[in-house]
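*Asks:* First the structure, which I've put down as structure tokens, then a few questions once you've had a look.
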Amino acid sequence: MATKRKKVLFVIVEGESDGHLFYEELARKYTKELVVIRAYKGDIFTDLDQRGVEIRERIRQFFLKRMGELRLNDFLGILHFSDTDGAFVTDDKIQVDPNQDRNVLYKVNGIFVNSIEQQEKMQFRNKVKKDNTHVVRFIDSISYNKVKIPYRLFYLSQHLEHVVFDELNVLLHEKQKKIITFLKTVGTQPTVHNLLISQLPPLPANVLNKHVESWKFIDHGDHSLQRYTNAILMYEFIDQLLIK
């Protein structure tokens, strides 16, 4: 019997800490004999240098530029993880507090900035991220030269450190250190799986498409400020790809 060719899982994350966590967890769950994992960082949704470039084209080019010597058919699929950062709230939830030291502070009841200028920047950032996310949150593939690469977008709300540690506004230089320490602590145990399932939004028991409904949930009200993720659904997505 011929050996089944291993496939590459292409993972897009926003930061180094996200890359560490998802790379380690996917490597724990899926053996190297079946899946090779490649993780890359980049906040594609709010990249102002690509204004005017349609979001699906941004994702396609991000993928193609990092393919290396691999062929399109070598890829199992693309997993894309995005922070919500409160991007789906209404503008009135972005409030000015001139007495705060930091330009931006995220809380579970709003986004607080220290000037009108920062408020306008944040409102613009939220609109860009929301509009781009809405375009691709339900698409199931990215195409190139008539080849369709399975694609699935997941969210972390407000971001990875909020989901894992229930902490907001973690300083950049502390994020990677905290995740590395966490991963050393959990070792090879399915702790990440249990954490992710505990933060899945409450969905109706009879829901037919958890991925779609989880996105509808996070888009509503203040949910994108609160502690939720639909990343637990990545396992089902990968398992379905592996049996095709």
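*Asks:* Quick one: is residue 62 crowded, with 16+ Cβ neighbours inside 10 Å and modelled with pLDDT of 95 or more?
*Replies:* no
*Asks:* Right, here's the next one. In the set 224, 157, 143, 214, which member is touching a residue at least 12 places away in the same chain (Cβ under 8 Å), under 26 Å from residue 7 (Cα atoms) and among the small types (Gly, Ala, Ser)?
*Replies:* From the options 224, 157, 143, 214, the qualifying one is 143.
*Asks:* Can you tell me which residues in the range 148-178 are among the charged types (D, E, K, R), within 27 Å of residue 137 (Cα to Cα) and touching a helix residue (DSSP H, G or I) at 6+ places or on another chain (Cβ under 7 Å)?
*Replies:* Within the range 148-178, 152, 161, 167, 175 qualify.
*Asks:* Further, regarding this structure: Please find, within the range 124-178, the residue that is nearest to residue 225 (Cα to Cα) out of those that are of a type in the set (Lys, Arg) and loosely packed, with under 14 Cβ neighbours inside 10 Å.
*Replies:* Per the stated criteria, the residue is 127.
*Asks:* Follow-up question, since we're still on this one. Take the range 195-226 and flag every residue that is under 16 Å from the mean Cα position of the chain (by Cα), assigned to a loop (DSSP other than H, G, I, E, B) and over 23 Å from residue 28 (Cβ atoms).
*Replies:* Result: 201, 219, 226.
*Asks:* (1) touching a helix residue (DSSP H, G or I) at 6+ places or on another chain (Cβ under 7 Å); (2) modelled with pLDDT under 95; (3) of a type in the set (Val, Ile, Thr): which one isn't true of residue 181, the others all being true?
*Replies:* (1)
*Asks:* Are there any strands (runs of 3 or more DSSP E) wholly within the range 1-97 with 2 or more residues that are in contact (Cβ under 8 Å) with a residue 60 or more places away in the chain and under 19 Å from the mean Cα position of the chain (by Cα), and if so which?
*Replies:* 7-13, 75-83
*Asks:* Next question. Checking residue 107 against (1) surrounded by fewer than 20 Cβ atoms within 10 Å (Cβ to Cβ); (2) without any contact (Cβ under 8 Å) to a residue 40 or more places away in the chain, only one condition comes out false. Which one?
*Replies:* Single failed check for residue 107: (2).
*Asks:* Could you run through the range 110-124 and say how many residues are touching a residue at least 24 places away in the same chain (Cβ under 8 Å) and under 22 Å from residue 167 (Cβ atoms)?
*Replies:* 3
The values are calculated or read from the model by the stated rules, or taken from the named source; none is laboratory data. Given the structure is predicted, the values throughout are model-derived calculations rather than measurements. Heads up, the Cβs are rebuilt from the backbone with ideal geometry, glycines too, and the neighbour counts pull from every protein chain shown.
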